[in-house]
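Below: one structure, written as structure tokens.
The values are calculated or read from the model by the stated rules, or taken from the named source; none is laboratory data. None of these values were measured; they are calculated from a predicted model. With ideal geometry, Cβ positions are generated from the backbone for all residues, glycine too; neighbour counts draw on all protein chains shown.
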Amino acid sequence: MSKQIVLPFGPQHPVLPEPIHLDLVLEDERVIEAVPSIGYVHRGLEKLVEKRDYKDYVFIAERICGICSFIHSATYCHAVETVMEVEVPRRAEYLRTIWSEYSRLHSHLLWLGCFADSMGYENLFMNSWRLREKILDVLERTTGGRVIQGVCRVGGVSRDIPPEELARMSRELAGLRPELRELTRVFEEDITVQTRTKRIGLLPKDAAWDLGAVGPVCRGSGISSDMRSTGYAAYDDLDFKPVVKSDGDCYARCLVRAEEMFSSISLIEKAIDRIPGGDVLVPVKGNPSGEFYARAEQPRGEVIHYVKANGKKNLQRHRVRTPTLANVPALVKMLAGCELADVPVIVLTIDPCIGCMER
Amino acid sequence: MSYLQKSPWIIHYDASSCNGCDIEVLACLTPLYDVERFGILNTGNPKHADIFVITGGVNEMNKEVVRNIYEQMPHPKVVVAVGICACSGGVFRECYNISGGVNTVIPVDIYVPGCAARPESIIDGIVQALGVLEKKKTAMLRGEGIA
């Protein structure tokens, strides 16, 4: 038996936009065990809930992560609104759905680019990010912010999208579809991508279930679990169907995300079609009292926002369970037994969002 | 123009940021903004880097990592703090784990505020950093020491 060595991976590493540290126990080129250590992005923002007004805290909740920003703020608002029994206007629910799906599109395009980069496929990285800018343009036009939108409020959203803008968004989406099709075709058919991803980083269905994987990681292993099927916001009106693949390898997880972009486009188109008129914000008075778990589907999987309040203007507790944390045990399982050269690809397939995970 | 101004290499590190500024730093490298056409390259190796682009308010665990990267970079070097968190701690200033700005750990030359900092302002910050880099190089050549 050859000698084992420990190779540090991170926290500062070219494929990682964010810091996470893995100690890889190697035997020659094979990874025997991966030991993650976290804490490089921990800010302790849940504690800030004791210092900030529950309405101001929406902006802190949005800054849990700059990629999943909109969905964090919407889920936090959903939790507080449920505690306070606020009836959110239907148009605001639709707008939240539209912006959530745009966030998913930009996050998945970002991921496809970073994933291509982890295989050394720089051209594909550039093309994914080129398309992503079109999504960011729409977010900037409609909300004012590229990555941090800041439009969610307790009681609705602060901005409406006028009908002519909705029509323009719908036209642009129709034009985006063939471009996305061309991009995802490369991920599906290219021999380079297939060699680097097929039968690599295997996660069988029962292991995904036992380890509590969420989002595209568990949907790539054949488990149909997507919080959007629970019908929060306006998803109950939009005939949503989750995308599921059964191979459980890096390729399957990549295909899940690629197909989800098309499902996001059709969700936005349906939402633009069916959006009702009316107000987008109701005034909210008083302070919350009670507790609630709000669940939503982020680009990376299921997120849970727990709030507990006792009738004061500051909440007692805000707790977030983010998808990346749920996927780290699955990542450790995937890394055991893989080749060292595949580590960046496998780490990327869980779409690690350390900002979310550590808060 | 010197070789540094023609092709400065940057190293990017996320020191407890929310990701917003980091993806905007990456967006600078991609086709819409494309700073690579000016010869600006993103490197993963501190020993190859001239400009340290750093985001986030630096938490306790990151302090050593940030110092380590900074010390490994050869002189002359410039530090660009991107985003309001890197400038002053931003909305996270009151968090128990945040030191409150990059300048509490290493000297900063250029501040780029914004939440999240826009790619245009990040590029502007890097262009200003080129001037600082040139000044530091001239000072080094004159034997005035390193800063």
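Looking only at residues of region B:86-107 that are over 16 Å from the mean Cα position of the chain (by Cα) and β-branched (Val, Ile, Thr), we find that the one that is farthest from A:Val58 (Cα to Cα) is B:Ile98. Taken together, the residues in region B:99-139 that are charged (D, E, K, R), part of a helix (DSSP H, G or I) and within 11 Å of another protein chain (Cβ to nearest Cβ) amount to 1. When region B:87-98 is filtered for residues that are within 13 Å of another protein chain (Cβ to nearest Cβ) and crowded, with 20+ Cβ neighbours inside 10 Å, the ones remaining, listed by number, are B:Gly89, B:Gly90, B:Val91, B:Phe92, B:Cys95, B:Asn97, B:Ile98. Has region B:67-76 got at least one residue that is modelled with pLDDT under 85 and either touching a strand residue (DSSP E or B) at 6+ places or on another chain (Cβ under 7 Å) or among the aromatic types (Phe, Trp, Tyr) (or both)? Within region B:67-76 (the criterion being modelled with pLDDT under 85 and either touching a strand residue (DSSP E or B) at 6+ places or on another chain (Cβ under 7 Å) or among the aromatic types (Phe, Trp, Tyr) (or both)), the answer is no, since none of the residues qualifies.
One residue stands out in region A:312-359 among those that are of a type in the set (Lys, Arg) and more than 14 Å from chain B (Cβ to nearest Cβ): the one that is nearest to A:Leu202 (Cα to Cα), namely A:Lys333. Taking region A:212-241 as the range and being outside any helix (DSSP H, G or I), of a type outside the set (Asp, Glu) and in contact with a strand residue (DSSP E or B) (Cβ under 9 Å, 6 or more places away or on another chain) as the test, the residues that pass are A:Ala213, A:Val214, A:Ser225, A:Tyr232, A:Ala233. Among the residues of region B:106-113, some residue qualifies, meaning at least one is among the charged types (D, E, K, R) and either surrounded by 21 or more Cβ atoms within 10 Å (Cβ to Cβ) or under 15 Å from B:Ala49 (Cβ atoms) (or both).
Among the residues of region B:30-52, those identified as under 21 Å from A:Phe125 (Cα atoms) and in contact with a helix residue (DSSP H, G or I) (Cβ under 6 Å, 6 or more places away or on another chain) are B:Thr30, B:Pro31, B:Leu32, B:Tyr33, B:Val35, B:Gly39.
The requirement of being within 14 Å of chain B (Cβ to nearest Cβ) and touching a Phe, Trp or Tyr at 6+ places or on another chain (Cβ under 6 Å) is satisfied by A:Ala61. Please specify each residue of region B:87-111 satisfying the condition of being of a type in the set (Val, Ile, Thr) and within 22 Å of A:Ile64 (Cβ to Cβ). Hits for region B:87-111 are B:Val91, B:Ile98, B:Val102.
Would you mind stating whether A:Ser69 is in contact (Cβ under 8 Å) with a residue 24 or more places away in the chain, within 14 Å of chain B (Cβ to nearest Cβ) and polar (S, T, N, Q)? When the stated conditions are applied, A:Ser69 passes them. Residues satisfying the criterion are present in region A:297-309 (criterion: farther than 27 Å from A:Phe115 by Cα and surrounded by fewer than 20 Cβ atoms within 10 Å (Cβ to Cβ)). Considering every residue within region A:74-96, establish whether at least one is within 14 Å of another protein chain (Cβ to nearest Cβ) and of a type in the set (Ser, Thr, Tyr). Checked against the condition, which is being within 14 Å of another protein chain (Cβ to nearest Cβ) and of a type in the set (Ser, Thr, Tyr), region A:74-96 yields no hits at all.
Of the strands (runs of 3 or more DSSP E) contained entirely in region A:257-359, not one carries at least 3 residues that are within 30 Å of A:Glu164 (Cβ to Cβ). If the condition is being acidic (Asp, Glu), within 25 Å of A:Val186 (Cα to Cα) and more than 7 Å from every other protein chain (Cβ to nearest Cβ), then region A:127-148 contributes only A:Asp137. With respect to the conditions (1) farther than 28 Å from A:Cys356 by Cβ; (2) free of Cβ contacts under 8 Å to residues at least 40 places away in the same chain, B:Asn68 lacks only one, and its number is (1). Of all residues in region A:38-58, those satisfying the criterion of being at the interface with chain B (Cβ under 7 Å from one of its Cβ atoms), closer than 15 Å to B:Phe92 by Cα and not aliphatic (A, V, I, L, M) are A:Tyr40, A:His42, A:Arg43, A:Gly44, A:Lys47, A:Lys51. Across region A:1-33, the number of residues qualifying as more than 14 Å from chain B (Cβ to nearest Cβ) and at pLDDT 80 or above comes to 17.
In region B:24-47, how many are aliphatic (A, V, I, L, M), within 9 Å of another protein chain (Cβ to nearest Cβ) and in a helix (DSSP H, G or I)?
3
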